[in-house]
1. Before we move on, is Ala176 under 23 Å from Pro32 (Cα atoms), touching a helix residue (DSSP H, G or I) at 6+ places or on another chain (Cβ under 6 Å) and part of a helix (DSSP H, G or I)?
2. Modelled with pLDDT of 95 or more, of a type in the set (Asp, Glu) and under 22 Å from Gly82 (Cα atoms): is that true of Glu216 in this structure?
3. Take the residues in segment 141-165 that are surrounded by fewer than 13 Cβ atoms within 10 Å (Cβ to Cβ) and within 16 Å of the ligand (Cβ to nearest atom); name whichever of them is modelled with the highest pLDDT.
4. Which residues, taken from segment 100-125, are more than 12 Å from the ligand (Cβ to nearest atom), outside any strand (DSSP E or B) and out of contact with any Ser or Thr (no Cβ under 7 Å at 6 or more places or on another chain)?
5. Hey, can you tell me all the residues within segment 176-233 that are among the hydroxyl-bearing types (Ser, Thr, Tyr) and within 13 Å of the ligand (Cβ to nearest atom)?
6. Report whether or not Trp42 is more than 19 Å from the chain's Cα centre (by Cα), at pLDDT below 95 and farther than 20 Å from Pro236 by Cβ.
7. Could you list, ordered by first residue, the pairs with Cβ atoms under 9 Å in which the first is in segment 188-208 and among the charged types (D, E, K, R) and the second is more than 16 Å from the ligand (Cβ to nearest atom), at least 6 apart or interchain?
8. Taking the conditions exactly as written (in contact (Cβ under 8 Å) with a residue 12 or more places away in the chain and assigned to a helix (DSSP H, G or I)), does Ala168 satisfy them or not?
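The values are calculated or read from the model by the stated rules, or taken from the named source; none is laboratory data. Since the structure is predicted, the reported quantities are computational estimates derived from the model, not experimental observations. Heads up, the Cβs are rebuilt from the backbone with ideal geometry, glycines too, and the neighbour counts pull from every protein chain shown.
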Amino acid sequence: MEATLEVGARLSKARRVAVLTGAGISAESGIPTFRDALTGLWATYDPEELATPQAFERNPVLVWNWYAERRSRVAACVPNAGHHALAELERRIPEFLLITQNVDGLHGAAGSRRMVELHGNIRRVKCSRDGRIVESWDGDLRPPPCPHCGAPLRPDVVWFGEMLPEAAFARALDAARRCEVFLSVGTSNLVEPAASLPWIAHRHGATLIIVNTSMEGQRNGPGIVHLTGAAGTVLPAILAGLALPDCARSPDTGRL
Ligand code: OAD
């Protein structure tokens, strides 16, 4: 409780805040995390078999169907109190950026606007040849052809071995370097380059606040605050301790 108040006080004074989220924030919406030993998606499937460009080349139908199944599962889920708290935090901080590794689109559904989706969004699809986003498509049993060039469509997510979208990562890096407070929420911090962002922020003088149900493997030290608990409980508690007015900003105008 004391640490939550300390964080609220720190955030009340901050003008520039960046937040990194991972699969943990969506756990309370019913979406399994990647590395959860019992329910994680990777426990049942080998990611190398499914989430790589090579897998899609080898077996496009299998990969397309796996994503179609995940897409329909995600479509049935709704944002939780953690997502809503971050959307609210955005409204109260003048310069704010939410950086998410999640592909479920739940931050957007909660109302977050100043946001980059580093690993893409499972709700969208794109051409596997030139990456052009395709808004609507038919058929969920095999990858439909791109309406422009006929190449198979694929999910608009970053696969293992692929580069992150350059502009999105540049924006995230800039926010990490400039922010006064960096919140790392529900991520195991194992996948680069997103995993480096909290330490970059910390090195540049930001207070680093880690919100996680488990602090195993998370860094410790001066300028790092651990808030152990579920994001859906901890984030609303932080927000409740904030003494900031609603900045009533128009979407996506913050400089971070
Ligand atoms: P992980 O599954 O690696 O980690 C989830 C983290 O959330 C763990 O540290 C849990 O302790 C924590 N957690 C679980 N429930 C929580 C809750 N209710 N509140 C707060 N924390 C909770 O997921 P990510 O770190 O997001 O990449 O994984 C990063 C990337 O690795 C993913 O984006 C994906 C994956 O491979 C790609 O698909 C490219």
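1. Numbers: under 23 Å from Pro32 (Cα atoms): no; touching a helix residue (DSSP H, G or I) at 6+ places or on another chain (Cβ under 6 Å): yes; part of a helix (DSSP H, G or I): yes.
It is false that Ala176 is under 23 Å from Pro32 (Cα atoms), touching a helix residue (DSSP H, G or I) at 6+ places or on another chain (Cβ under 6 Å) and part of a helix (DSSP H, G or I).
2. Numbers: modelled with pLDDT of 95 or more: no; of a type in the set (Asp, Glu): yes; under 22 Å from Gly82 (Cα atoms): yes.
Here the answer is no, as Glu216 does not meet what is asked.
3. Applying the filter and picking the extreme gives Met163.
4. We begin by selecting, within segment 100-125, every residue more than 12 Å from the ligand (Cβ to nearest atom); these are 105-116, 123-125.
Within this subset, residues satisfying the condition of being outside any strand (DSSP E or B) are 105-114.
Within segment 100-125, Gly105, Gly108, Ala109, Ala110, Gly111, Ser112, Arg113, Arg114 meet the criteria.
5. First, pick out the residues of segment 176-233 that are among the hydroxyl-bearing types (Ser, Thr, Tyr): 184, 187-188, 196, 207, 213-214, 228, 233.
Matches in segment 176-233: Ser184, Thr187, Ser188, Ser196, Thr213, Ser214, Thr228, Thr233.
6. Values: more than 19 Å from the chain's Cα centre (by Cα): no; at pLDDT below 95: yes; farther than 20 Å from Pro236 by Cβ: yes.
So Trp42 does not fit the description; no.
7. Once the first residue is among the charged types (D, E, K, R) and sits in segment 188-208, its partners that are more than 16 Å from the ligand (Cβ to nearest atom) give Arg203/Arg177.
8. Values: in contact (Cβ under 8 Å) with a residue 12 or more places away in the chain: yes; assigned to a helix (DSSP H, G or I): yes.
Yes, satisfied.
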